[in-house]
1. Could you please state, rounded to a whole Å, how far the C-alpha centre of the range B:61-138 is from the C-alpha centre of the range B:279-325?
2. What are the semi-axes of the equivalent ellipsoid for the range B:127-234, taken as the square roots of 5 times the Cα gyration tensor eigenvalues, largest first, in whole Å?
3. What are the lysines whose alpha-carbon lies under 18 Å from the alpha-carbon of residue A:53, with same-chain residues fewer than 8 places away excluded?
4. Gaussian network model of chain B, Cα springs within a sub-10 Å range: biggest mean-square fluctuation belongs to which of B:165, B:176, B:307?
5. Need the C-alpha centroid separation for the range A:63-114 versus the range B:152-203, integer Å.
6. Please quote Rg/Rh for the protein assembly as shown to two decimal places, taking the Kirkwood radius as Rh and restricting both calculations to Cα atoms.
7. Fewest Cβ neighbours within 10 Å first, please rank B:132, B:158 accordingly.
8. Filter the trypsin sites (Lys or Arg not before Pro) in the range B:263-317 down to the DSSP loop ones having no more than 15 other Cβ atoms within 10 Å, then list what survives.
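Derivation of every value follows stated rules applied to the coordinates shown; laboratory data play no part. All values reported here derive from a predicted model rather than from experimental measurement. Using ideal geometry, Cβ is built from the backbone for each residue, glycine included, and neighbour counts are taken over all protein chains shown.
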Amino acid sequence: MKRITILSGYYGSGKSEISVNLALQKHIDYIVDLDIINPYFRSRALHELFKEKGIKLVESTIENMPNSDMPYISRKGVYPFIDKSVTAIYDLGGTENGAKVLIQYQDQIKDFDEIDFICVLNVFRPETSNKKDIIDSIILLEAQTQLKVTGLINNSNLINETTEEDIIHGENIIKSVSEELNLPILYTVIEESKKKLIKHNFLGEELVISRIVARKWL
Amino acid sequence: MSKVLMKGNEAMALAAIKAGCDAFYGYPITPQNELPEYLSKHMRTHGRAFVQSESEVAAINMVYGAAGAGARVMTSSSSPGIALKQEGITYIAGAELPAVIINVMRGGPGLGGIQPSQADYNQITRGGGNGDYSLYALAPESLQETVDLIKESFEIADYFRNPVMIAVDGLIGQMMEPVDVDREVKKWDLKPKTWAADGNRKDHPKNIINSLYLDPQDLENHNIKLQKKYTEMKENHQRYELINMENAEIAIVAYGSVARIARTAIEILAEKGIKAGIVRPITIFPFPEKAFKELPSSVENLLVAEMSMGQMLQDVKLANECRLPIHFYGRVGGIVPEAEEIAQKVIDIIGGQSHE
């Protein structure tokens, strides 16, 4: 895993849940929440867990005003680009518009070898359900952020109703994107409770996640 | 079509397109913005109209106009925005026009907050605007139910020639769930809209859309006519679900997101050997009084759980007709009750630690 991982994808693609799980599993120093699009279900709800695990959270809210409903980006978000001794995950807001906020770091992003810019994909989201739409969204994302996408994550799921076939269906579509754009599938995400049902050997690293951001009864 | 994973607000928007919504007029407000955003992209490709108006008041009056011309029309907003629309809503009800209004509720009063709430219950079920009118108001608990009910709500609005309110909260708007947007829903027996002001036509006389009746006798007659609709809704179109009620010693009364949380609460209680059921109103107007007559004799207490200070509680008291002790648990301001809290309240009630 590279020093800096930037996760992008349509809202509801699973970015926040993957950010949090990756940060916990890979002992990442910083989570930078750049999600100014969605005021609900953000990783900001997880302060105490992060504190306990020693993960520093850079929030997309004004201090002491978590529900202000105002787009806000902390200056602290730039630290991981400057301090080469730390690791970080950037959680970008949904859609290419949410990803625009990355441009502010353009002057600091110099060493592309230390950055993974990853697109999280769930083919059961209508906007990214086929090869053409996914490729179009990646082109748009790259244009808006001025950054090259370096890898893909297969997070194809229907939440509680996900089956192994669903993830395979996702892999087939994402594999065709991967081949066309010459981008590796870095992870295939499997929700903890589905793990025992999975026999297929998926592309990329198998990332087993638990639902930390979403509430149990959802 | 197979299932897709959608966010509540998007799913509601797509449901409207599937239901043949001809026109949408709205003004942005959190937590429902993805709904007009989705429609701004997709209504045009379906040859339909989308207008982001200059205000909520403008939006609801555009709804009034389009509905009067016979279109299938919708608007959406969240609590303070719905408050702004009340004038238009009473005009629409007074002029007997069909329209679908989505309220993705957030905390109040005033500007309140942006987190989920059910504190518009009174605004929705007691009018909100002036005069003797009611909205047919549906309160789904899941995205699939929301999609199905929105699709049907256009039929219901046309059938009664009355606005239908979809009452959900910020959680339903923001959560993700797999949905089948093409599932068949009930078709109502609809007559051609011969009342519509859709130009000089040979097939019907000149129509005027109006809610002004200066002659008191005319206005009383109009009110009596409107009241017949609301009576029919109450008598024949209450909707509710009784969940896990067999041998239940307590019934939790909850709708929308809170009903969903109550489902987890009764599982927690079952592990502790407590049999709890749920009365889930699906219509909040008409309030499902009939459900309370169907409760088994094993039920000894009612617990009303909602994200308000006890607005639905009043309707439960009326429906209960003083038969059972009623307890209340509410969280407000955007705080969503946890299943454990509701379960604990039930334990307190059964242990005699809770007072009515």
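1. 24
2. Computed over the range B:127-234, the values are 32, 19, 12 Å.
3. Within the straight-line limit of under 18 Å, residue A:53 reaches these lysines: A:26.
4. Looking only at B:165, B:176, B:307, the largest GNM fluctuation is found for B:176.
5. The range A:63-114 and the range B:152-203 have Cα centres separated by 43 Å.
6. Checking Rg against Rh, the ratio lands at 1.00.
7. Lowest count first: B:132, B:158.
8. Passing sites in the range B:263-317 are B:272.
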